[in-house]
Amino acid sequence: MPQAKQFRLADIAELLGARLEGDGEIIISSLSPLNSAGEGQLSFLSNPVYAPQLKSCQASAVILAEKFADSFVGNRLISDKPYVTFAYATQLFALEDTPLALCHPSAVISESATIAEDVRIEANVVIGDGVTIGKGASIGVGSYVGRDCQIGENVRIYPNVVLYHEVILGDRVIIHSASVIGADGFGFAFDGERSVKIAQLGGVRIGNDVEIGAASTIDRGAMLDTIIGEGVKIDNHVQIGHNCVIGKHTIICGCAALAGSVTVGEYCIFGGGSGAVGHITVADRVQVSAMALLSKSVTEAGMISSGTLASPTPEWKRNALRFQQLDSIAKRLKELERKAD
Amino acid sequence: MPQAKQFRLADIAELLGARLEGDGEIIISSLSPLNSAGEGQLSFLSNPVYAPQLKSCQASAVILAEKFADSFVGNRLISDKPYVTFAYATQLFALEDTPLALCHPSAVISESATIAEDVRIEANVVIGDGVTIGKGASIGVGSYVGRDCQIGENVRIYPNVVLYHEVILGDRVIIHSASVIGADGFGFAFDGERSVKIAQLGGVRIGNDVEIGAASTIDRGAMLDTIIGEGVKIDNHVQIGHNCVIGKHTIICGCAALAGSVTVGEYCIFGGGSGAVGHITVADRVQVSAMALLSKSVTEAGMISSGTLASPTPEWKRNALRFQQLDSIAKRLKELERKAD
Amino acid sequence: MPQAKQFRLADIAELLGARLEGDGEIIISSLSPLNSAGEGQLSFLSNPVYAPQLKSCQASAVILAEKFADSFVGNRLISDKPYVTFAYATQLFALEDTPLALCHPSAVISESATIAEDVRIEANVVIGDGVTIGKGASIGVGSYVGRDCQIGENVRIYPNVVLYHEVILGDRVIIHSASVIGADGFGFAFDGERSVKIAQLGGVRIGNDVEIGAASTIDRGAMLDTIIGEGVKIDNHVQIGHNCVIGKHTIICGCAALAGSVTVGEYCIFGGGSGAVGHITVADRVQVSAMALLSKSVTEAGMISSGTLASPTPEWKRNALRFQQLDSIAKRLKELERKAD
């Protein structure tokens, strides 16, 4: 196990750009939520709902906003954006699993690949012809990088990822295990009897600072490329169809799925299990609720939902059966209104 | 192909603890459903709906409850719980693909790993530093076990599974192919311009007798651990977010997804494609219907549904359009009621 | 990078069986959509919605139907089925990544496997006992083929696919990365305290010309086989439960999921994220809308939907809350109607 990290609280304050109130000499060795933190631990308050927990919190220090400072008697790191400050704090304590550059002897690397010197290539990796990999990148155990892929600097690919040919990754991209980038888009022409495959001739381009979760798929384009903008964050089990174009800093939560040729704006959020049918456009800063389905374009910012609320099944069933009479109910109501006039 | 197994019916009865009625000397060589079973096959009746099939059933023997014994003229294995008895019967006939302990020469195993003597490690497996693996475990082709994982006894990991670092598996855990345990939870703090990664510093702890299907993901915790209780059964394509705590013996069907920090009780059932938003609590013995979404905590046992029933699209569309007038319909109805009084 | 292909337009016309109108001597080197095509590119018009783009289209040639011929002034390939003709055109331009037969020295192949001479087996592939592989097949990097699998001719398996034991693939099957065929179906018998595993003793049989996307799963049968008919096309993240039987030429879009023992007819289409509960039967030529759930059998052809339409969240919420009063609304309406009579 790599040695756990620890820091003086004053050093943390300086590294995070937070204002220290209290004893800078104490040693912090880990992070913990307010209600479970103890000696040597740093915690944080972001959501005001949890402010009452400050009173009994046993953390050695807490990151919080000025306005809550008086609610905690211990050491404090004051921040305008406590959640962001907390995020940087987690990065301080992250252990590098595999910090050293190496090329494991079991890796199979094409002679035509161009690999910067300080790249880590783990066991059983296979690198195809014409690949380029930028400095500081690491390719995890058993991953495959297809021909002519371009991988930026400080990219991190976890074990068992597959990049098909001609996938382009910007700098600092992170891809978690079992994700597949550049598989064929789902395109067939039906000739009346069977589905004729449309060869998928485009590629995939992924911008800087994109993170892709585990078991997600981003298909290659049919003729043009599928494009994921800078800073986009994609969770697990997400499906991005061919020729989608995702705007910068959009967030796509787990199990969400975009059909082909969906154009999504910047700073959108797709909730878990949400979806979009093909060939639609979604404006900037649209938020789609969990499990909602967009079946047409969305032209302005805002939050979109579909579905019904959960309720006990017997009650739900009575209402769901009535849903099937809804058009009739509306017409009968109108008729009554006419009579009542 | 490993030699198929066969048993005398009397031996099966004894192994399963069922009462034999009929000829114990016949040889059973496989299992089959009632309507397709023939000579040498054992079948079962659990759901009474299928009882009429007993009359024409050609199985050499049938597992069934006492009350249906007279409905089948052939050999019978009488059981109080015929479905459970059938389950144990299937285990008798399962062939061990890979019974022998071995360590394939292509495996890459850290010198600091501690591996019990009768463990099977297949081709292209990679085992990280500080890993411990209990006796009788098997690690399938191309799987990766990250540093400091602890794997219990008789665990079975199928090919191409990924365990990130510090994942703890109890005894007899089964994990199917392409599943990923311990990838980073989906946590970011938005700083107004971009998403800042929250390093995921927790781990994953999985109890005894848990089974996890193919292509499922269980994320590591942010600060504390994600916890899967003893006996939990998880199907394919399931997503368990960071810091979820799943109670014992809960069942999670295919494509279900729990967002982060969901606490689920014991003996719950999440239907296929169902989901839960983050930070909610679900009581013991709650059943969630297929594709239903829990958007708030559930405080007592029972079945929960959401959504609408399927119908032909033109009819559905008429009703779905009216759904968008539902609040107006309710208000107009109330107004009519007022007038009618 | 493999050398890009190029063709004389007259040769393309002949290969595709399309009628050339214009200059057959021009060289076509790639394909592009109407609105982005330029010099040396071939485009197509299938959906009449895009016909107005013909006027300003800069493609060197366009595939289109007779009736639109006059709308484009450049070179034309006239086809009765322009989308199908376009599909075949894409196949002309597809580059073969890995055309040469070889067996990479890192592959681990059982001595009892029978492999035709012109099969490609890439790095880190593992082939189990008793496997047969037909001529022209290719098995991608890091894929695993379990014992007694039978793989037809010209099958293409992409990297990191897992076939459990006794999976049968017809000819020309394509399986994309991270898919898992033949993992255990999700079957347990509850004994009152815990779930007893039902060993999954069946196999999986996949017909000719089936394509399976990335990260999809098809479970093995409990006692009998799971069966995928000829020409079926399955997208990414699809789940097919144990003992499903899928009719020929059915299309299953991304993230759709069929529970166990679902029987689906021929020429059906399951939209993205749609689903079916277990043990139901779906007639031929049924189309299921995106995210719709079939909770009972469908006995005739046609399109089926469920759910509600997306709308802005505040508006949606008002209506969704009223949904929970729907049975009451219907009853009150009926009472008013009674009074009004």
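In Å and on Cα atoms, what radius of gyration and Dmax does region C:161-304 show?
Values for region C:161-304 (Cα only, Rg and Dmax): 14.4, 47 Å.
Percentage of Cα-Cα pair distances in region B:8-52 greater than 16 Å, rounded to whole percent?
Tail of P(r) above 16 Å: 43 percent of Cα pairs.
Based on the alpha-carbon set only, what is the convex hull volume of region B:92-225 divided per residue, in Å³?
Numbers: hull volume 14.6 nm³, N = 134.
So the per-residue hull volume is 109 Å³.
Can you give me the Kirkwood hydrodynamic radius for region B:7-93, using every pair of distinct Cα atoms, in Å to one decimal?
Working: mean 1/r = 0.0820 Å⁻¹.
One over the average 1/r among Cα pairs gives 12.2 Å for region B:7-93.
If you take the square roots of the eigenvalues of the alpha-carbon gyration tensor of chain B and sort them as a ≥ b ≥ c, do you get rounded (a/c under 1.5), prolate (a/b over b/c) or oblate?
Numbers: a/c = 2.61, a/b = 1.11, b/c = 2.36.
Cα axes put chain B in the oblate bin.
Given axes a ≥ b ≥ c from the Cα gyration tensor, I'd like to know whether region A:219-337 is rounded (a/c under 1.5), prolate (a/b larger than b/c) or oblate.
Here region A:219-337 falls in the prolate category.
Which residues make up the longest stretch of chain C that has no GluC sites (Glu not before Pro) in a DSSP loop with at most 12 other Cβ atoms within 10 Å? Please report the intermediate quantities before stating the final value.
On the way: sites that count: C:Glu25, C:Glu39, C:Glu96, C:Glu111, C:Glu117, C:Glu193, C:Glu300.
Segment C:194-299 is the longest.
Run the quick spin-label model on B:Glu335 and C:Ser328: label points 7 Å from Cα toward the beta carbon, then report their separation in nm to one decimal.
Calculated label separation equals 2.0 nm.
Report, as a whole number in µm² per second, the diffusion coefficient that Stokes-Einstein gives for region C:1-158 at 4 °C and 1.567 mPa s using the Kirkwood radius over alpha carbon pairs.
Values: Rh = 18.0 Å.
The diffusion coefficient I find is 72 µm²/s.
So which of B:Lys296/B:Lys331; A:Lys233/B:Lys317; B:Lys67/B:Lys135; A:Lys197/B:Lys5; A:Lys5/A:Lys248 end up more than 32 Å apart by C-alpha?
A:Lys233/B:Lys317; B:Lys67/B:Lys135; A:Lys197/B:Lys5; A:Lys5/A:Lys248
Fully extended, how many nm does the chain gain between C:Gln3 and C:Lys55 (0.36 nm per residue separation, minus their Cα-Cα distance)?
Numbers: separation 52, 0.36 × 52 = 18.72 nm, distance 3.25 nm.
Fully extending the segment from C:Gln3 to C:Lys55 adds 15.5 nm.
So what's the gap between the Cα centers of region C:208-262 and region B:273-341, to the nearest angstrom?
Result: 30 Å between the Cα centres.
Find how many whole Å separate the alpha carbon centroid of region A:53-106 from the alpha carbon centroid of region A:129-174.
If we compute the Cα centre of each part, the gap is 30 Å.
Would you mind getting me the FRET efficiency between C:Ala116 and C:Leu95? Use the beta-carbon distance for r and R0 = 25 Å, nearest 0.05.
Values: r = 24 Å, r/R0 = 0.96.
Using R0 = 25 Å, I get an efficiency of 0.55.
For label points placed 7 Å from Cα toward Cβ, what is the shortest-first list of nm distances from A:Glu111 to its copies?
3.4, 3.4
How would C:Asp284, A:Asp171 line up from fewest to most surrounding beta-carbon atoms within 10 angstrom?
C:Asp284, A:Asp171
log10 I(q)/I(0), Debye, Cα-only region A:178-242, no solvent, q = 0.17, 0.29 Å⁻¹?
Result of the Debye calculation: -0.60, -1.19.
So for C:Asp80, C:Asp225, fewest C-beta neighbours within 10 Å to most, what's the order? Intermediate values should be presented prior to the final figure.
Working: C:Asp80 11, C:Asp225 20.
By the 10 Å Cβ count, ascending: C:Asp80, C:Asp225.
Taking R0 as 30 Å, what FRET efficiency do you get between A:Glu230 and C:Leu15 from their Cβ-Cβ distance, rounded to the nearest 0.05?
Calculated value: 0.15.
Put a label point 7 Å from Cα along the Cβ direction on B:Lys296, then list its distances to the equivalent points in the other copies in nm, shortest first.
Result, one decimal in nm: 3.1, 3.1.
Over the Cα atoms of the protein assembly as shown, each weighted equally, I'd like the Debye log10 I(q)/I(0) at q = 0.07, 0.10 Å⁻¹, rounded to two decimals.
-0.64, -1.28
Output, in nm with one decimal and in ascending order, the distances from the B:Asp23 label point to the matching label points of the other copies (7 Å from Cα along Cα-to-Cβ).
When each copy's label point is compared with this one, the spacings are 8.6, 8.6 nm.
Read-outs: derived from the displayed coordinates by stated rules, not from any lab. Worth saying up front: this structure is predicted, and the values here are computed from it rather than measured. FYI the Cβ positions are ideal-geometry reconstructions off the backbone, even for glycines, and counts take in every protein chain you see.
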